[in-house]
Amino acid sequence: MTMTINPEAPVQRARRAALLNYFTLFSSFSTLICCALPSVLVLLGMGTTVASLLSAAPWLVSLSRHKIWTFSIAGVLIAMSFVMTYLIAPRVREGEVCDANDPATCGEVSRASRAILWGSAAMWSCGFFVAYLLGPILEQIDR
C-alpha cells in the first residue's frame, strides 16, 4: 500500500489559513465599525457625526442590534486563526512548498498573516472594551 503525497496540499492549507485570517480581519473590523466607533464618537461629543454615519449607512443599526452575534463570530474566527497560525501551521511546515525562485516567500507570507491576525485581535479587543466594558466603568466612576 503506497501513500501518495499531494504536492498541492501545503499550498491549499496556506490558502485556507490566509482566507481565515482575512475573514478574521473583516469580522473584527465590523465589530469596530458597528459597536465601538459610534460609542467612542458619542463619548467624545460627536453625536452629530454618529447621526450622519447612521444616515449614510443604515445597516449599521441592524448590525449593532446583533452585536452579541457579531462579537461572538468574530471572536471564534480570531481564536481559530490563532490556533491555525500557532499550533497547526508549525506542524505542517515540514512539507511546505515555496516558490523555488524565491524561498523567502513563505516566511514573508507568514509574517504578513501574523500581522493581520494580531491587528484583528487588537481591533476586536478595542471594540469589545468599548461595547461591553466602557459603559459600566463610566457608570462606576460617575457614582
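Read-outs throughout are calculated quantities, based only on the coordinates presented, and are distinct from any laboratory measurement. Values in this document were obtained by computation on a predicted structure and should not be read as measured data.
General observations
- Length gained when the stretch residue 126-residue 69 is fully extended (0.36 nm per residue, less Cα-Cα span): 18.8 nm
- Extension gain (nm, one decimal) between residue 54 and residue 139, 0.36 nm per residue minus Cα-Cα: 28.1 nm
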